[in-house]
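These notes concern the structure reproduced below.
Please treat every number below as a calculation from the coordinates, not as lab data. Just so it is clear, the structure is predicted and the values come from calculations on it, not from any experiment. Positions of Cβ are backbone-derived with ideal geometry, glycine not excepted, and every protein chain shown enters the neighbour counts.
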Amino acid sequence: MQRNEQLLNPCRLLSQTLPHPLNMEMEMEMGYTGMVLGALLVIIVTKLCHAFYNLIWKPYKITKSLEKQGLRGPPYKFPHGSTKQINDFQAAADGLVMDSRSHDISSKLLPHYHAWSSLYGRTFLYWMGAQPRICLGDPEMVKQVLSSNFGFYLKLYPGPDIMALLGKGLVLAEGSDWARHRRALNPAFHIDKLKMMTKTMAECALRMLHEWRNEIKEEVEMSRQFQELTANIISHTVFGTSNSIHGKQIFLAQKELLSLVAADFGGSKYLPTKKNLKKWNLEKKMKTTLTNIINNRLGNSKELGYGDDLLGLMLHSSMTDNNSRLTIDEIIDECKTFYFAGHETTSHLLTWTMFLLSINPEWQQRLREEVLNECGLETPNADMLSKFKLVTMVLWETLRLYPPVMLNAREASKHMNLGGLMIPKGMQLMIPVVMLQRDKKYWGDDANDFNPLRFENGASKAAMHPNSVLPFSLGPRACVGQNFAMMEAKVVMAMILQRFSFSLSPNYKHSPANLLTLQPQFGLPIDLKPLQL
């Protein structure tokens, strides 16, 4: 009977065989939720597997592989690697004020390297988070890395702040871009072109020395004086006298940007915070000023040519040789690099030279006698500079003890055999310049002493290994501005020695600091005494 009723009531039968709309919606919703939960579960599992591989398995695998090859280091600690130890070492060293006659500064500047090298040898493995790094303390391995011109060892990406400061010029370019930039810049740094710039360098230095004599104080803060001087020199030599005011604006903007970058200890680089807005405004100001200078030069090139300053020489090379052609943005980046390298690093070379000659008065007098013997009271020219043997030796010894850049870094672009050591792709290689240049194995027991005579036969023969001195790096990526910097330092130091004697102020605190470049943390106060001309 019941079966017959179902057959006689097709609507009821249909309602039982077809899904109810409400049931159908619920099933679809449950199915969608299940899919979402399943997808989330896959993502979570993938993330966990990725984290396990990168934070646990990969460090373990790399550590064991390198240990089998005889390379050890501080143990990896999940998840921060060696970072906490590094921070603890640095915190203990930051406030250290040293004896002014002590040049053993590696324990202050790289305290973790100093401690670990005594435990694990000159070459060791450590970790920045989960990123493996090898400290290279072997000059032969360093030579292999820096001399490679096949792109096997790339420079590390420095982050947006340093890119804003330096631009992607010759210092940071890679591969074919680097080769093109180098071809465009080589003519500007030819020695014959640089010799023509000694007069400009001397004129800028003379203005500073007149101010010292006319407004002489018992004490002069040399670090600030040399930064302003070298910025003035680079303004004139890069952009010419007519644009030196604009060059001063670039210097002030870059100096402020540098102070912001050096003081930045965290936070997002991309959010519009007050500090970031200020950084971006300074970057825009530099770019606008440089763009106007370059466009004006290009607009007047038919009537006046490109000019015989560094910018003009670079523009001429770039615009007349397709293999060296640079875009406006690339030229702007090179100008940023000129400015940073041309005043920041050279100013510190002059600062540390003044420091060393102040605490070594016998060498100060020897250099003064050499300068007076070669050029008397005349303004030194390029021919005179080539005869300054003692001055050159002192500058090299200063660069050895107080190199502007104390740490060089590269990254392996593929699996490499480095001096018999098999290293994986992505391994970061750190070259502790400040330690290599005072390693007693290569420099002798007096490695931490000021002794310019070690450079009597040139830089390549100063140590037991020719690659133990690296202030300008080496190989194809060696600093293109090396001759410019040395010529500028010789001109300035010769003119100071002609006119003043100097000694270290009692207010000086010997605390070398890494503020992107190596500089005296509290400045360099010097007592000046004019000589009778």
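With 29 Å as the limit, the listed pairs 336/461; 61/168; 195/509; 509/529; 195/285; 108/193 have 336/461; 61/168; 195/509; 195/285; 108/193 beyond it between alpha carbons. Here the stretch 123-242 yields Rg over Rh of 1.10, to two decimals, using C-alpha coordinates and the Kirkwood radius. Out of all Cα-Cα pairs in the chain, roughly what percent, to the nearest whole number, are more than 29 Å apart? Here the long-distance tail beyond 29 Å is 60 percent of all Cα pairs in the chain. Cross-link reach is defined here as a Cα-Cα straight distance under 17 Å, omitting same-chain residues fewer than 8 places apart; for residue 387 the aspartates and glutamates meeting it are 192, 369, 370, 374, 378, 456, 488. The angle separating the long axis of helix 58-68 from the principal Cα axis of greatest extent in the chain is about 50 degrees. Axis angle, to the nearest 10 degrees, between helix 328-339 and the longest C-alpha principal axis of the chain: 50 degrees. Excluding same-chain neighbours fewer than eight residues apart, the aspartates and glutamates reachable from residue 414 by a Cα-Cα span under 17 Å are 174. Find how many whole Å separate the alpha carbon centroid of the stretch 428-442 from the alpha carbon centroid of the stretch 475-499. The distance from the Cα centre of the stretch 475-499 to that of the stretch 428-442 comes to 23 Å.
If I model the stretch 306-402 as equal point scatterers sitting on the Cα atoms and use the Debye formula, what is log10 I(q)/I(0) at q = 0.18 Å⁻¹? Rounded to two decimals, the profile gives -0.91. Neighbours of residue 394, meaning other residues whose beta-carbon lies under 14 angstrom from its beta-carbon, give a summed charge of 0 when Lys and Arg score +1 and Asp and Glu score -1.
With the charge dipole of the stretch 212-362 set up from +1 on Lys and Arg Cβ and -1 on Asp and Glu Cβ about the Cα centre, the Cα lying farthest toward the positive end among the listed residues 251, 273, 293 is that of 273. Here is how the number arises for the chain: DSSP H runs of 4 or more residues each give -39500 (n - 2.57), the sum is divided by the residue count, and the result at 222 nm is -17000 deg cm²/dmol.
What does the highest-first list of 87-98, 250-261, 504-515, 105-116 look like by mean Cβ count within 10 Å?
On the way: 87-98: 12.8, 250-261: 19.1, 504-515: 16.5, 105-116: 20.6.
Final packing ranking: 105-116, 250-261, 504-515, 87-98.
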